[in-house]
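Reading through the structure tokens given below for one structure.
The values are calculated or read from the model by the stated rules, or taken from the named source; none is laboratory data. Since the model is a prediction, treat every value here as computed from it, not as a measurement. Methodologically, a virtual Cβ is constructed for each residue, glycine included, from the backbone with ideal geometry; neighbour enumeration extends over all protein chains shown. For the accessible areas, the whole protein counts, side chains as well, though only heavy atoms, and no ligand, DNA or RNA atoms are used. Shrake-Rupley method; radii C 1.70, N 1.55, O 1.52, S 1.80 Å.
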Amino acid sequence: MILRMANTYASLFYHVIFSTKNRESFIQRDIESRVWAYLGGIARENDFTVLCAGGIENHVHLLLWLPPDWAVSKAVKLLKGGSSAWIKTAFPNKPGLRHFAWQDGYAAFSVSKSKDGEVRRYIEGQREHHQKKTFEEEYRALLLKHEVPVDEKYLWG
């Protein structure tokens, strides 16, 4: 349910990134479209929106729209928790997925409406992008670009 607040108007978009536990290559090409769609379904069930999803075997990028009364952490918790449980059981022909888990943390960056097309293209171009750069290099670069202070001790939790 979307909470309506009188005279409250918001355009809240977020670029969210999280990896698989230990950056293991769990999300193979043959299942990725189902994983991205499932993440979208979790969002719909909870009244927020995954506008774009993409990634490669060891991480996911999402462009999210959230209602004004939502914290990013709440959305990420729902997405990671629901999809993790589903991935473990949805692919019985892939026994390695029984041990699937997401990393403990995530990165989230606010996105203005004027930049949402740029972020969508970035997310959709993940396969091509990662022919030149590892996830770890990409993650550090995005944190630096957005001036997010990083404690190396907790970066890969």
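P(r) tail for the range 5-157, what percent of Cα pairs lie past 21 Å?
Numbers: 5148 of 11628 pairs.
In whole percent, the long-distance tail amounts to 44.
Full-extension gain between S112 and Y9, please, as 0.36 nm times their residue separation minus the C-alpha to C-alpha distance. Write out the running numbers ahead of the final one.
On the way: separation 103, 0.36 × 103 = 37.08 nm, distance 1.43 nm.
Contour length minus Cα-Cα distance gives 35.7 nm.
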Q | Accessible surface, the chain, averaged per residue in Å² (probe 1.4 Å) | A | 57 Å²
(Q) Connecting C-alpha atoms closer than 10 Å in a GNM of the chain, tell me which of Q103, Q126, Q28 has the biggest fluctuation. (A) Q28
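Below 8 Å between Cα atoms, with a sequence gap of 6+, how large is the relative contact order for the chain in percent? Before the final figure, lay out the partial values.
Details: 203 pairs, mean separation 49.0, N = 157.
Taking the mean separation of contacting Cα pairs over the length of the chain, I get 31 percent.
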Q: Summarise the accessible area of the range 26-146 (1.4 Å probe, protein heavy atoms) by the percent that is carbon and sulfur.
A: 50 percent
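Treating only the Cβ atoms of Lys and Arg (+1) and Asp and Glu (-1) as charged, compute the dipole magnitude of the chain about its Cα centre; round to the nearest 20 debye.
On the way: 22 positive and 18 negative charges, 54 e Å.
Magnitude of the dipole: close to 260 debye.
Net charge around E57, counting only other residues with Cβ within less than 13 Å of its Cβ (Lys, Arg = +1; Asp, Glu = -1)? The partial results should precede the final answer.
Details: positive: K21, R23, R29, K94, R127; negative: E24, D30, E32.
Around E57, the surrounding residues sum to +2.
S33 to R140: FRET efficiency via 1/(1 + (r/R0)^6), r the Cβ-Cβ distance, R0 30 Å, to the nearest 0.05? Before the final figure, lay out the partial values.
On the way: r = 28 Å, r/R0 = 0.93.
Step by step, r from the Cβ atoms, then E = 0.60.
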Q. Taking a point 7 angstrom from the Cα of K94 along the C-beta vector, which residues in the range 100-125 have backbone N less than 12 Å away?
A. 100-101
